[in-house]
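Below is one structure; the comments refer to it alone.
The values are calculated or read from the model by the stated rules, or taken from the named source; none is laboratory data. The structure displayed is predicted, hence computed values, not measured ones. Quick reminder, even Gly has a Cβ in these numbers, built from the backbone with ideal geometry, and neighbours come from all protein chains shown.
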Amino acid sequence: MELNLIDKNYIKLIKEFLGNGSLNELNNLLVQLHPEDLVVLINQLSLDERITILSQIEREILVKVLVNLDEPTRDLFFESYSPAEIANEFIELMDSDDAAFILAQLPEQIKDEVLSNLQDIAYASQLLALLNYKENTAGSLMAVELVKTALNASVQSCIEEIRTQAENVNSIYVVYVVDEFERLVGLMTLKNLILASPDALIADVCNKQVVSVSTSASIEEISNITRKYDLVVLPVVDAIGRLVGRITVDDVVEIMHDEADEDYQLMSGITEDVVSTDKVWILSRARLPWLIIGLFGGIASSRFLELYEDQIRIHPEMAFFMPLIAAMGGNAGVQSSAIVVQGLVNDTLGTKNIMQKILKESRVALLNGIICSVIILLYGFFFAPNSNMSAVVSIALITVIVFASIFGTMVPMLLHKLKIDPAIATGPFITTTNDLLGIAIYFSLGHVFYHP
């Protein structure tokens, strides 16, 4: 069923079936939906309606839906099940990466009970290993289900291995080649397997140029490598090169989407990963820190203006251009920092020749500042007969734009060097700082011009 069919009328029909208890009609609609479409549908219902819908979905589909649900809905759903039921009716049916994700969201005691109730001890051991990896690393994100073959095997025996191992793997992209110590040494695409002679040795026909990541690789490294080499699946190896898992392209896309959401929230001054369905206090807590910083920045600006109270009283026209100076400084700083952050995230900026990058940004800022200042001078010529005022605004504008651009370039680089997400620099931090410094520059220049 197409996503665009889940419209208001469709939701209304679902709600009618829920209200009337028409479960047969409800099921007839639900079986037509893709798991992702079911998530879209569920997110538009009340909590009680969500639980009823979830109880009607077949287990094989439900386990795919649960992974993409928001945590409050999933927690409420699991309240109706014992740890043993969660283990055998849900976790056992999931891919290892999805199962590890669900387990990580459960309270510690329940998680331990679920693991202890898994009937497949080997699978439980694999999940426990995944849970022990540091969050947001390749080890915590990978799935252990994969198909591998020995380096000294024949193509025919490799195909037999695929038939044997593929039962536990949903999608087969490549067959990994390992040596006698389980170290990753090559890979075979399905196309190469089909075209190769059945009697050929894997060692002679496999691709030994394998791109992989270690279990400690960050999500930024994973997304950058996948994009750079145009991969659909990325093998994960441990510290001594042994193959331990794989990360598929759908997981990478989800990682990139989550990273984009996180960066967008940081740029907007939201310090936690939140969604609209979170509680009011959680939403408030995520937004409040930068609002408080902005508040203190505003207080600092007002205290600074007190130093020039007499100047404003004598030349009140200076107050007219305060919003312009503050806005232009904030905009220039955010533009520069956004470009730097994008380069750092995409790994296209590099860490060498930093001074050259700063000088280049300074030249760009100077050019933009000159153009904006000329526009202000033309405006002053026709509408503001006070030449001193036009000169102050123009010079202040150039100075503020150049300074804000340099500041916006350096801060993300510094944060990146300190292992702090540089996306935080493009939000209220840059805007508040540049507002304050822009006003300081503006009135300092005004003092020089009016009181030489």
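A few comments on the model shown:
- Leu127 meets all of the listed conditions (1) within 23 Å of Met256 (Cβ to Cβ); (2) assigned by TED's automatic domain parsing to the domain that holds Asp98 but one, namely (1).
- When residues of the stretch 30-47 are limited to those that are in a helix (DSSP H, G or I) and of a type in the set (A, V, I, L, M), the one farthest from the chain's Cα centre (by Cα): Leu30
- Test: residue in the stretch 18-29 that is assigned to a loop (DSSP other than H, G, I, E, B) and at pLDDT 90 or above: no
- For the residues Glu92, Glu36, the requirement of being more than 28 Å from Leu18 (Cβ to Cβ) and acidic (Asp, Glu) singles out Glu92.
- Candidate set from the stretch 155-184 (those that are touching a Lys or Arg at 6+ places or on another chain (Cβ under 8 Å) and in contact (Cβ under 8 Å) with a residue 24 or more places away in the chain); member that is surrounded by the fewest Cβ atoms within 10 Å (Cβ to Cβ): Phe181
- Checked against (1) modelled with pLDDT under 90; (2) over 25 Å from the mean Cα position of the chain (by Cα); (3) surrounded by 17 or more Cβ atoms within 10 Å (Cβ to Cβ), Ile86 meets all criteria but (1).
- The stretch 120-154 - residue that is of a type in the set (Asp, Glu) and more than 14 Å from Arg246 (Cβ to Cβ) and, of those, surrounded by the most Cβ atoms within 10 Å (Cβ to Cβ): Asp120
- Within the stretch 291-325, the set of residues being under 38 Å from the mean Cα position of the chain (by Cα) and among the β-branched types (Val, Ile, Thr) comprises Ile292, Ile293, Ile299, Ile325.
- Residues (surrounded by 18 or more Cβ atoms within 10 Å (Cβ to Cβ) and outside any helix (DSSP H, G or I)) located in the stretch 232-258: Val233, Leu234, Pro235, Val236, Val237, Leu243, Val244, Gly245, Arg246, Ile247, Thr248
- For the stretch 196-222, the set of residues classified as out of contact with any helix residue (DSSP H, G or I) (no Cβ under 7 Å at 6 or more places or on another chain) and part of a strand (DSSP E or B) consists of Leu201, Asn207, Ser218, listed by residue number.
- Test: residue in the stretch 35-44 that is free of Cβ contacts under 8 Å to residues at least 24 places away in the same chain and either touching a Lys or Arg at 6+ places or on another chain (Cβ under 6 Å) or not assigned by TED's automatic domain parsing to the domain that holds Ser214 (or both): no
- In summary, helices (runs of 4 or more DSSP H) completely within the stretch 48-103 and bearing 2 or more residues that are within 16 Å of His34 (Cβ to Cβ) occur at 59-68.
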